[in-house]
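Scroll down for the structure; my scribbles are underneath it.
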Amino acid sequence: MTFDSLGLSADLVRLVAEEGYERPTPVQKAAIPLVLAGHDVLAAAQTGTGKTAAFVLPILDRLRGHANTSFSPARHPVRALIVVPTRELAVQVHESVVTYGRTVPLRPAVVYGGVPLDPQIQLLRSGIEILVATPGRLLDHVGQKTVNLSQVEILVMDEADRMLDMGFLPDIRRIIELLPVKRQNLMFSATFSEDIRRLSGTILTDPKTVEVAPRNAAAEAVAQIVYPVDRDRKEELLEHLVRKYEMRQVLVFTRTKLAASRLASWLDRRGVEAVAIHSDRSQPERTRALDGFKAGDIRVLVATDVAARGLDIEDLPHVVNYELPWQPQDYIHRIGRTGRAGATGEAISLVSIDEADLLRGVQKLLKRAIPWTVEDGFVPDRHAEPRPLRGGGFESGASGGRSRGSSPGGRSRR
Ligand code: AMP
């Protein structure tokens, strides 16, 4: 299938060809015709699936009729509002709107927090048709009366699950109240949790659902590997792997704050620069740690799932599950931090025998087995050994016995 058959206008089809896109991605194939037809859409698609183009392209076509050359700001009200959880995503989505919108004379802009309001106020006053915004800053502008949302025709909520995780639900509700009742709603989320279904139920009208295989389940971009190891040797193994593969920017997940703090100080004492991020830390401390990590001064950032949710970091080369999460869904969230759009990322899980059930849960969700390998010098006494699954593949099941030096499905690393 090509972009021609989706119903987009010829100039947008030409434009995506210029961008080098040969074929629509699955989420684009499914969502673009629905958005063009004016439906509300609830789409499960992660970053890296091409989801941004899946809403930006059809929005441009739907709003094209409003394009005009009037100098009056009143002739350029906000028609499409795209709400996103983080500043980084806001910038990326805005760039996509600019790129794809080259041939459509509608005015895009982006507003997010952490930077002065004034330049954004000037921009909004000049008249903006497609606005990308983070929730808090958008409400600041509403409070200042610098933006009027009464003519919004299309609302997009991108990474809606992350917005909920970050506590934006009250802000979202306030924003919705400012919009016309009659509008088109598009909601994108990495997963369809209960919370997301509930939220979509209150915001979307008779939505069409689009679900594409999660990028991680397809496991193209992220190389996943399990290291069976004894629980009391995990920190040593982690240090060993970080040094052996000269890893930088490693995001390590633990289940508890205490484990995060302990592990970070253990690594730090051993000369591997590490910091734990958790909610007990002040905002300046968190920001400092995060900046150090992004700059490469801190090699390892240790976080719990909850703490990691508020972190504006993606595209990491390495994610380590020091402990598997209680919820298999969290495994997908965790490894989604790596290997974006073509970049290869690696997700390493250090799994002890007591986590065999958790590993099974993750593999069930992924619908496949994760390859595993035993590191020399870290052969566990007992480990979660794969047994054949019906219909091929392997399932991890707890078993006794000593492991071999390497294993089926294990791969040689570098
Ligand atoms: P997204 O999931 O929207 O963050 O997009 C991930 C990346 O895929 C971006 O860098 C896009 O430029 C790229 N992309 C989007 N659609 C396509 C396509 N149909 N073919 C190839 N690359 C694409």
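The values are calculated or read from the model by the stated rules, or taken from the named source; none is laboratory data. In this text, all values refer to a predicted model and were calculated from it rather than measured experimentally. In this analysis, Cβ positions are derived from the backbone assuming ideal geometry, glycine residues included, and neighbour counts consider all displayed protein chains. Just the protein is used for accessible areas: all its heavy atoms, side chains included, with ligands, DNA and RNA removed. Shrake-Rupley method; radii C 1.70, N 1.55, O 1.52, S 1.80 Å.
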*Taking amide H positions as placed 1.01 Å from N in the peptide plane, with prolines and chain starts having none, which residues 5 or more places from residue 349, or on another chain, fall under 5 Å of its amide H?*
225, 226, 227, 321
_Bins of 10 Å, starting at 0 and running to the largest distance - Cα pair percent for segment 159-268_ = 10, 28, 23, 21, 13, 4
_Restricting to DSSP loop positions (anything but H, G, I, E, B) with no more than 16 other Cβ atoms inside 10 Å of their own Cβ, which GluC sites (Glu not before Pro) remain in segment 228-297?_
246, 273
_I'd like the orientation of helix 26-36 relative to the chain: the angle between its Cα long axis and the longest Cα principal axis, in ° from 0 to 90, rounded to 10._
20
*With springs only between Cα atoms under 10 Å, which of 115, 320, 252 fluctuates most in a Gaussian network model of the chain?*
115
*Measure nothing fancy, just the Cα-based angle from helix 87-100's long axis to the longest principal axis of the chain, in degrees from 0 to 90, nearest 10.*
50
*Are there chymotrypsin sites (Phe, Trp or Tyr not before Pro) in segment 1-91 that DSSP puts in a loop and that have at most 13 other Cβ atoms within 10 Å, and which ones?*
71
*Against the longest alpha carbon principal axis of the chain, how many degrees, from 0 to 90 and to the nearest 10, is the axis of helix 234-244 turned?*
70
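Ranked highest first by average number of other Cβ atoms within 10 Å, how do 296-304, 175-183 line up? Don't skip to the answer; put the middle values down first.
On the way: 296-304: 21.4, 175-183: 13.7.
The peptides rank, most packed first, as 296-304, 175-183.
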*Please state the equivalent ellipsoid semi-axes for the chain: what are the square roots of 5 times the Cα gyration tensor eigenvalues, largest first, in whole Å?*
42, 24, 18
*asked:* Quick check: the distance between the Cα centres of segment 28-50 and segment 148-214, to the nearest angstrom?
replied: 13
*Out of 60, 290, 117, any idea which swings most in a Gaussian network model of the chain, alpha carbons joined below 10 Å?*
117
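With a 1.4 Å probe and all protein chains left in place, how much of the accessible area of segment 3-211 comes from carbon and sulfur atoms, in whole percent? Walk me through the numbers on the way to the answer.
Details: 4500 of 8860 Å².
Whole-percent figure for carbon plus sulfur exposure: 51.
Just to confirm, what accessible area per residue do you get for the chain at 1.4 Å probe, in whole Å²? Mind showing how you got there, number by number?
On the way: 18260 Å² over 414 residues.
Spelled out: the 1.4 Å probe surface of the chain, per residue, equals 44 Å².
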*Output the Cα-based Rg and Dmax of segment 3-211 in Å, rounding Rg to one decimal and Dmax to a whole number.*
15.9, 46
_Sequence gap of 8 or more, or different chains, plus Cα separation below 28 Å: how many lysine pairs satisfy both in the chain?_
23
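With n ≥ 4 as the cut-off for DSSP H runs, can you work out [θ] at 222 nm for the chain, using -39500 (n - 2.57) per run divided by the number of residues, rounded to the nearest 500?
Values: 16 runs with 155 residues, N = 414.
Theoretical 222 nm ellipticity from helices: -11000 deg cm²/dmol.
Among DSSP beta bridges lying fully in the chain, give the percent that are antiparallel, nearest 5. Each step should come with its number before you reach the end.
Details: 6 of 56 bridges.
Among the beta bridges of the chain, antiparallel pairing accounts for roughly 10 percent.
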*In what sequence, highest mean first, do 134-143, 26-35 appear when ranked by Cβ atoms within 10 angstrom?*
26-35, 134-143
